[in-house]
Amino acid sequence: MNIVWKGCSAGNFRPGRPPGFRPSAIVIHIAEGTLDSVDHWFNNAIAKVSAHYCVGRGGEIHQFVHEEDTAYHAGNAVTPSWKLLRPGVNPNFYTIGIEHEGRAQDQWTEAQYNASAELVGEIAERWSIPLDQDHVVMHREIRASKTCPGFVFDRNTLLARIPPPPVPGPASDTVTLITQANVREERPDRSASIRAVLDSGTKIPIDGVVVGEMVSGNAAWYRLQAGGFVWAGATDVPIPAT
């Protein structure tokens, strides 16, 4: 995943977090503008706002604030519905904010959903954040006076596209197919689109193992270096070593 560092004006964020605070949730925003406008606004000293990231409609990801620092993205709580909100505590102290290029009425692109899902998954893995509706929060659940991130965005779609976390794999970085196998495109699941069909005997370079759809009692799938996923049961190492 390619992330471009853009930085942020010094007055638009707080270095570090208060003692005892760390990221425990991720807040999803809509930028109500272009990726370029977000770049300029967060680096404008008069803004007094920021987010850690912004995801473009083409899948680009810009970063403005380090995750260890406090971005000013969700500090104003108005009739909140978020059940994990801590009373009397600024939500910025324990959240990571992700803006998304576009406006509330815009349909998100496939590239934007996929890039955001990958980013959310990596953040969650780094900070041990559960991937559910209580921990991947829409801004309006904190500040009900806003519609952010809009009513076109589908949180369930985002959560469903988050790549599964890696699990220990085989000692070798190559496995061999023992039967013809489909390479699935977006996720390790037989309902995902087919990227390619490989013949028995094909040696495939792998980039790790993930937990996916259970097939014949085996939920292990290989992530391929060339992209996509193959069910481990179709290879000569059907049960990766742990």
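The values are calculated or read from the model by the stated rules, or taken from the named source; none is laboratory data. In this text the structure is predicted, and so the values were computed from the model without any measurement. Cβ sites come from the backbone with ideal geometry, for glycine too, and all protein chains shown count toward neighbours.
Numbers below:
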| read-out | value |
| --- | --- |
| For Cys8: the one exception among (1) surrounded by 18 or more Cβ atoms within 10 Å (Cβ to Cβ); (2) more than 20 Å from the chain's Cα centre (by Cα); (3) closer than 24 Å to Ala144 by Cβ | (3) |
| Residues located in the range 36-85, provided they are outside any loop (DSSP other than H, G, I, E, B), surrounded by 15 or more Cβ atoms within 10 Å (Cβ to Cβ) and free of Cβ contacts under 8 Å to residues at least 24 places away in the same chain | Trp41 |
| The range 228-241: number of residues that are within 26 Å of the chain's Cα centre (by Cα) and modelled with pLDDT under 90 | 1 |
| Subset of the range 11-31 (residues that are on the phi > 0 side of the Ramachandran plot and either at pLDDT below 95 or under 20 Å from the mean Cα position of the chain (by Cα) (or both)) | Gly20 |
| Single residue of the range 11-30 satisfying the filter (in contact with a His (Cβ under 8 Å, 6 or more places away or on another chain) and surrounded by 21 or more Cβ atoms within 10 Å (Cβ to Cβ)) that is farthest from Gln112 (Cα to Cα) | Ala25 |
| Pairs where the first residue, in the range 172-189, is closer than 10 Å to Thr235 by Cβ and the second is among the polar types (S, T, N, Q) and outside any strand (DSSP E or B), C-beta under 6 Å, 6+ apart | Leu177/Ser200; Leu177/Thr202; Thr179/Ser200 |
| Test: residue in the range 105-113 that is part of a loop (DSSP other than H, G, I, E, B), on the phi > 0 side of the Ramachandran plot, of a type outside the set (Ser, Thr, Tyr) and surrounded by fewer than 18 Cβ atoms within 10 Å (Cβ to Cβ) | no |
| Out of Gly217, Gly150, Gly208, Gly201, sole residue that is of a type outside the set (Asp, Glu), crowded, with 20+ Cβ neighbours inside 10 Å and at positive phi | Gly150 |
| Residue check, Gly212 in contact with a Phe, Trp or Tyr (Cβ under 7 Å, 6 or more places away or on another chain) and either free of Cβ contacts under 8 Å to residues at least 40 places away in the same chain or part of a strand (DSSP E or B) (or both) | yes |
| Considering residues of the range 171-188 that are in a loop (DSSP other than H, G, I, E, B) and surrounded by 18 or more Cβ atoms within 10 Å (Cβ to Cβ) only, the residue modelled with the highest pLDDT | Pro188 |
| Selection status of Ala115, farther than 20 Å from Pro165 by Cβ and within 13 Å of the chain's Cα centre (by Cα) | no |
| Single residue of Gly121, Gly88 found to be in contact with a Pro (Cβ under 6 Å, 6 or more places away or on another chain), assigned by TED's automatic domain parsing to the domain that holds Val55 and free of Cβ contacts under 8 Å to residues at least 60 places away in the same chain | Gly121 |
| Selection count, the range 109-148, where residues are among the aromatic types (Phe, Trp, Tyr) and in contact with a helix residue (DSSP H, G or I) (Cβ under 8 Å, 6 or more places away or on another chain) | 1 |
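Yes/no per residue for (1) closer than 21 Å to Leu159 by Cα; (2) in contact with a Leu (Cβ under 7 Å, 6 or more places away or on another chain); (3) aliphatic (A, V, I, L, M):
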residue: Cys8; (1), (2), (3): no, no, no
residue: Gly56; (1), (2), (3): yes, yes, no
residue: Thr70; (1), (2), (3): no, no, no
residue: Pro87; (1), (2), (3): no, no, no
residue: Pro91; (1), (2), (3): no, yes, no
residue: Thr95; (1), (2), (3): yes, no, no
residue: Asn114; (1), (2), (3): yes, no, no
